[in-house]
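A short write-up of the structure that comes next.
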Amino acid sequence: MQQTRVLTGITTSGTPHLGNYVGAIRPAVASSLRADVEAFYFLADYHALIKVQDPARVQRSTLEIAATWLACGLAPEQVWFYRQSDVPEIAELNWLLTCVAGKGVLNRAHAYKASIDKNREAGEDDDAGISAGLFMYPVLMAADILLFNAHKVPVGRDQIQHIEMARDFAQRFNHLYGGAGNEHFVLPEAVIEEQVATLPGLDGRKMSKSYDNTIPLFCPRPELKKLIYSIVTDSLAPGQAKDADASNVFQLYQAFADAGETASMRQAFADGIAWGEAKEALFERIDAEISPLREKYESLMARPSEIETILRDGASRLRRQLAAPRLAALREAVGLRPLSQAGTVDVPVAPGKPSLPVFKQYREDDGRFYFKLMVDERVLLQSGGFDSPRDAGQHIAVLRREGYAPADPALTLGEGVVAHEVHSALAALAAEDARKAAQKAGDAR
């Protein structure tokens, strides 16, 4: 079954709030339980540095967000769960994409334009206080997505533009460095839960740390009630019909309620429910869902070293199996190749024939059959176990005929080896086979 890759990240710049939970965490964790989904979750701590220069805050937020995801049901052994800064391949891909990203596209980024507009209203220079990090934010977000060829990215409606930019950069890279049937990046799609595309905050604006209008996800029950009762409403009295679609209270309620509960609340608004009664219903509905998660969260927050181990293990597995081989292929595509690689440079060589790569087949004590691709004593590629020598030989034949696929679960790169070294070794074997065939044909004549 073909799995769909779904990637979700949250910036580690503050305490997780209801907007994060409804718009990202809850739908992402739910999708991770599907057999047809390969899920990626990451803590976007590089992105946090754009807005936050308080190291303690970034560290605290990283712990809080990791604990939140785990408390909300994330199973780290079943998904890819990692911290952005633990995967250096993301930063390197960020540079490769920077070199193909159009400045004109970045000029149109909503966050950058909003900062310029704010400066103009204040009579400041257009770029006053705007960092290059803010300007280049969409490229880093594209690197997060494209390194793993994510098919779908759950986002709020205000983030759709960034997904469109990621598609633009991917298309540009594919055009420059790809070819027919050899596109490096798939084009990601934004996924939006329509009814909660943008959750309102206490003041009616989008719930955001930037507006200081958030409701912390795991605040104590009394604080949750106090915050919900402080949500801004109009002055309509009890008994007066209220517009549910224009109400912040109703929008928050429907984000936690099922279809039947939502319909009942909509009718209550039409019948003139009092604001205090509506807020009480909202509080009880949210707390019913959050309360059991809150207990798990508090337990995890007391064990930060355990969370650190989970994050490091996730990044290590991700780099070994996906990020490093992927980045090696992209480096080769743009020309960042070893000078010893065939066809890259014409230099005189010392007399003598270089060692050819060889496949070595053998049987282990477990009774299974294995093979290695080696040059001299260096292992380039190690296979897993096969039931028979015939199965191992057939896999070698496929390798020689079709080349190395980094996603092949039966193969593991040798220590310190990158994918292009395997490609070069197989190319050398193919060239030697062609030479022998030509020589044999010549002898026959």
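The numbers here are math on the coordinates, done by the rules we state, and not lab data. Every value quoted in this text rests on a predicted model; they were computed, and no experiment measured them. Every residue, glycine as well, gets a Cβ built from its backbone with ideal geometry; the counts of neighbours run over all protein chains shown.
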Need one number: convex hull volume per residue for the stretch 218-300, Cα atoms only, in Å³.
83 Å³
Over the chain, what relative contact order in percent results from Cα pairs under 8 Å that are six or more residues apart?
14 percent
Hey, fewest Cβ within 10 Å first, where do Val186, Val58, Val358 land in order?
Val358, Val186, Val58
If you take the beta carbon distance between Arg401 and Asp365 as r and set R0 to 22 Å, what does 1/(1 + (r/R0)^6) give as a FRET efficiency, to the nearest 0.05?
0.10
Cβ neighbours within 10 Å, averaged per peptide: list 60-72, 92-104 in order, most packed at the top.
60-72, 92-104
Burial ordering of Thr309, Thr8, Thr214, fewest other beta-carbon atoms within 10 Å first:
Thr309, Thr214, Thr8
Mind ordering 329-338, 13-22 by average Cβ neighbours within 10 Å, highest first?
13-22, 329-338
Along the Cα→Cβ direction, 7 angstrom out, place labels at Leu339 and Arg221. What is the inter-label distance in nm?
7.1 nm
Between Val191 and Asp258, take the C-beta separation as r, use R0 = 25 Å, and let me know the FRET efficiency to the nearest 0.05.
0.75
Where does the chain land at 222 nm, in deg cm²/dmol rounded to the nearest 500, when only DSSP H runs of n ≥ 4 count, each adding -39500 (n - 2.57), divided by all residues?
-15500 deg cm²/dmol
When Arg435, Arg400 are ranked with the fewest other C-beta atoms within 10 Å first, the list becomes Arg435, Arg400
Take the Cα pairs of the chain, get the Kirkwood Rh, then feed it into Stokes-Einstein at 20 °C and 1.002 mPa s and tell me D in µm²/s.
84 µm²/s
Please give the contour-minus-distance gain from Glu289 to Glu77: 0.36 nm per residue of separation, less the Cα-Cα distance, rounded to one decimal in nm.
73.9 nm
Rounded to one decimal in nm, the spacing of the 7 Å Cα→Cβ label points at Lys372 and Leu356 is 2.0 nm
With Cα atoms, 0 to 90° folded angle of helix 160-177 axis to the chain main axis:
10 degrees
Can you pull out the trypsin sites (Lys or Arg not before Pro) in the stretch 192-283 that DSSP calls coil and that have at most 14 other Cβ atoms within 10 Å?
Arg205
Taking the Cα centre of the chain as the origin, how large is its charge dipole in debye, to the nearest 20, when only Lys and Arg (+1) and Asp and Glu (-1) carry charge on their Cβ atoms?
1160 debye
